[in-house]
Amino acid sequence: MSEERQADVQALSGTDTRVYEAVAVLAVDGRTATVEEIVHATDLPEETVRHSLGTLAEAGWLRADGAAYAVGRHDWSVER
């Protein structure tokens, strides 16, 4: 991961972090997340979620998959 990309994650707002985490939780099961599911999981207004999804997708943290969203490309993993 480039230094620029690492710095980007630290700059995420609390809202963007909540939205990203909601998508990531579903990704554990190999699923994508719809806007409705993200709104439900985060308890944020739909307009706020849609704005955050756009921000996260533009930055590459998430990717649109039809009407749903999935975690974008990353080069990190969890060590066991």
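Filter the range 33-56 down to the residues that are free of Cβ contacts under 8 Å to residues at least 40 places away in the same chain, part of a helix (DSSP H, G or I) and among the hydrophobic types (A, V, I, L, M, F, W, C), then identify the one that is most open to solvent (accessible area, probe 1.4 Å).
Ala41
Go through the range 57-66 residue by residue and tally those that are open to solvent by 80 Å² or more (accessible area, probe 1.4 Å) and either acidic (Asp, Glu) or within 13 Å of Asp16 (Cα to Cα) (or both). Give the derivation first.
Step one: list which residues in the range 57-66 are open to solvent by 80 Å² or more (accessible area, probe 1.4 Å), which gives 58, 63.
Filter once more, keeping what is either acidic (Asp, Glu) or within 13 Å of Asp16 (Cα to Cα) (or both): 58.
Count: 1.
Scan the range 57-70 residue by residue and report those that are hydrophobic (A, V, I, L, M, F, W, C), in contact (Cβ under 8 Å) with a residue 12 or more places away in the chain and part of a strand (DSSP E or B). Full working, then the answer.
Within the range 57-70, the first condition is being hydrophobic (A, V, I, L, M, F, W, C), and the residues that meet it are 57, 59, 61-62, 64, 67-68, 70.
Now restrict to residues that are in contact (Cβ under 8 Å) with a residue 12 or more places away in the chain: 57, 59, 61-62, 67-68, 70.
Answer for the range 57-70, where residues must be hydrophobic (A, V, I, L, M, F, W, C), in contact (Cβ under 8 Å) with a residue 12 or more places away in the chain and part of a strand (DSSP E or B): Leu62, Ala68, Ala70.
From the set of residues in the range 44-80 that are at pLDDT below 90 and of a type in the set (Lys, Arg), which is nearest to the chain's Cα centre (by Cα)?
Checked the range 44-80; the qualifying residue nearest to the chain's Cα centre (by Cα) is Arg73.
The values are calculated or read from the model by the stated rules, or taken from the named source; none is laboratory data. This is a predicted model, so every value here is computed, not measured. With ideal geometry, Cβ positions are generated from the backbone for all residues, glycine too; neighbour counts draw on all protein chains shown. When the accessible area is computed, the model is the full protein with side chains, heavy atoms only, and any ligands, DNA or RNA have been set aside. Shrake-Rupley method; radii C 1.70, N 1.55, O 1.52, S 1.80 Å.
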